[in-house]
1. So if we plug the beta-carbon distance of Leu164 and Thr125 into 1/(1 + (r/R0)^6) with R0 = 30 Å, what FRET efficiency do we get, rounded to 0.05?
2. Apply the membrane-span-like helix rule to the chain: whole DSSP H runs, Cα extent along the own long axis of at least 24 Å, mean Kyte-Doolittle hydropathy at least -0.5. List the helices found.
3. Any idea how far the Cα center of the range 119-144 sits from the one of the range 1-69, in Å?
4. Mind pulling the per residue volume of the convex hull built on the Cα atoms of the chain? Å³ is fine.
5. Is there a pair in Lys50/Lys81; Lys98/Lys138; Lys6/Lys50; Lys138/Lys214; Lys50/Lys77; Lys77/Lys138 whose C-alpha atoms are over 22 Å apart, and which pairs would that be?
6. Trypsin sites (Lys or Arg not before Pro), restricted to the range 128-175: which are DSSP loop and have at most 12 other Cβ atoms within 10 Å?
7. Please give the charge dipole size of the chain, origin at the Cα centre, charges +1 on K and R Cβ atoms and -1 on D and E Cβ atoms. Round to the nearest 20 debye.
8. Just Val120, Val69, Val44 to compare: in a GNM of the chain, with alpha carbon springs under 10 Å, which one fluctuates most?
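Bear in mind that the values in this text are calculations on the coordinates, not laboratory data. Quick caveat: nothing in here was measured; it's all calculated off a predicted structure. Every residue, glycine as well, gets a Cβ built from its backbone with ideal geometry; the counts of neighbours run over all protein chains shown.
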Amino acid sequence: MADQEKIPVHVSIIMDGNGRWAKMRGEERIFGHKAGADSVRACVEYAIEKGIKYLSLFAFSEENWGRPVAEVEGLMKMMLKAILDETPSFMKNGIRFKAIGNLSRLSEGLRNQIDECMAVTAGNTNLTLIIFLSYSGKWDILQAVNRFMQDNEGKEGMLLDADLLSRYLSTRDIPDPDLLIRTSGEQRISNYMLWQTAYTEYYFTDVLWPDFRKTQFQEALDAFAMRDRRYGKVK
Ligand code: IPE
Ligand code: IPE
Ligand code: MG
């Protein structure tokens, strides 16, 4: 039996497989994305139930901008509606909402909705829910290095170290993920949090994202509880 007490502080999920889930049912890809939204709700609920403090979800990568316009627009519309619809439930359940990524690429309407949701939920403390939108790990590192250089222009001898770089990343106020789950059988990072996952435990499952609910989440938590994290040391 897994040690039920070993609950990760920060769980991150690469929510993959919506398109394949829809295709298997003879439906359009957007049908899969809509079913995936129900999995998000289930996992948020379960994270609170389990006492997880940070749940982050990779919702849309910088590379995903290269998908057909109709799919991108459908996803953005869904995102806007979901944030609007869910804000009352964030307040009811003590959820602090955050969006991270190259948000300048989003429409003004979506950006405003995100800002508003982040502002009204800022004082909530049960769970921090982070949506990675228009995000890539390389973008994050580059924006960090560029901002560091701007801040230190003309200062001789200022060098970056790991702590300092972490403080310039877009994830600066959230702990690194303890557990990273990827659904749909793909075993790759797809330009997600490259720096922050240096010592994260990976968990891959063949389950497609729309089928990933509480039972599957618990299986991932059980697997995490069995892991021995050594950070390069000897135990
Ligand atoms: C994940 O599902 C959602 C996003 C990347 C937006 P996909 O849309 O990648 O589904 P598959 O991988 O094509 O099945
Ligand atoms: C990764 O999924 C991005 C998200 C889940 C948002 P993709 O479906 O875009 O990744 P690849 O193309 O299979 O690597
Ligand atoms: Mg995919």
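1. 0.60
2. Long hydrophobic helices here: 29-50, 69-92.
3. Centre-to-centre (Cα) distance: 15 Å.
4. Output value, Cα hull per residue: 143 Å³.
5. Going by Cα-Cα distance, Lys50/Lys81; Lys138/Lys214; Lys50/Lys77; Lys77/Lys138 fall outside the 22 Å limit.
6. Those that pass, being in a loop and sparsely packed, are Lys155, Arg172.
7. 220 debye
8. Val69
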